[in-house]
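Asks: Below is a structure I'd like to ask you about.
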Amino acid sequence: MKKLHVALFAACLLGASPLAFAEAVNLTNSAEGANRDAGITAVKKKLQDACADRKGTADAESFEVVFEKTSENPDVPKPYYVDGKMKCNLPG
């Protein structure tokens, strides 16, 4: 019986740990660039900064381009537009 109480107490402590309350969220943002690579780099930077502002850690492997478009207007300085999303692991 004593072992059962110890096991239950250990389980309660583990369940109350901050890691147990950690949360993963998907962040989305958009950016423009002179070309495709510049647009993707800019949106990744924005997503990583947004995650860091929330005191989280960005999962760079989860980055995904959701939408991309190139402007037909030659006068636009940053003709490439990209929307992206990335997972951010937030502390509890």
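Asks: Does Ala38 count as surrounded by fewer than 19 Cβ atoms within 10 Å (Cβ to Cβ), of a type in the set (A, V, I, L, M, F, W, C), without any contact (Cβ under 8 Å) to a residue 24 or more places away in the chain and assigned to a helix (DSSP H, G or I)?
Replies: No: the conditions fail for Ala38.
Asks: Taking segment 57-77 only, how many residues are open to solvent by less than 80 Å² (accessible area, probe 1.4 Å), in a loop (DSSP other than H, G, I, E, B) and out of contact with any Phe, Trp or Tyr (no Cβ under 9 Å at 6 or more places or on another chain)? Give the derivation first.
Replies: So in segment 57-77, the residues open to solvent by less than 80 Å² (accessible area, probe 1.4 Å) come out as 58-60, 62-63, 65, 68, 70-71, 73, 76.
Of the ones still in play, those that are also in a loop (DSSP other than H, G, I, E, B) are 71, 73, 76.
Next, from what is left, pick out any that are out of contact with any Phe, Trp or Tyr (no Cβ under 9 Å at 6 or more places or on another chain): 73, 76.
The total comes to 2.
Asks: Another question, if that's okay. Out of everything in segment 41-56 that is farther than 19 Å from Leu90 by Cβ and of a type in the set (A, V, I, L, M), what residue ends up being surrounded by the most Cβ atoms within 10 Å (Cβ to Cβ)?
Replies: Result: Val43.
Asks: If Lys85 meets every condition in (1) out of contact with any helix residue (DSSP H, G or I) (no Cβ under 8 Å at 6 or more places or on another chain); (2) open to solvent by 60 Å² or more (accessible area, probe 1.4 Å); (3) not polar (S, T, N, Q); (4) not in a helix (DSSP H, G or I) apart from one, which number is that one?
Replies: Unmet for Lys85, out of (1) out of contact with any helix residue (DSSP H, G or I) (no Cβ under 8 Å at 6 or more places or on another chain); (2) open to solvent by 60 Å² or more (accessible area, probe 1.4 Å); (3) not polar (S, T, N, Q); (4) not in a helix (DSSP H, G or I): (1).
The values are calculated or read from the model by the stated rules, or taken from the named source; none is laboratory data. Because the structure is a prediction, the values reported are computed rather than measured. All Cβ positions, even for glycine, are placed from backbone atoms using ideal geometry, and neighbour counts span all protein chains on display. Note: areas computed on protein heavy atoms with side chains; ligands, DNA, RNA excluded. Shrake-Rupley method; radii C 1.70, N 1.55, O 1.52, S 1.80 Å.
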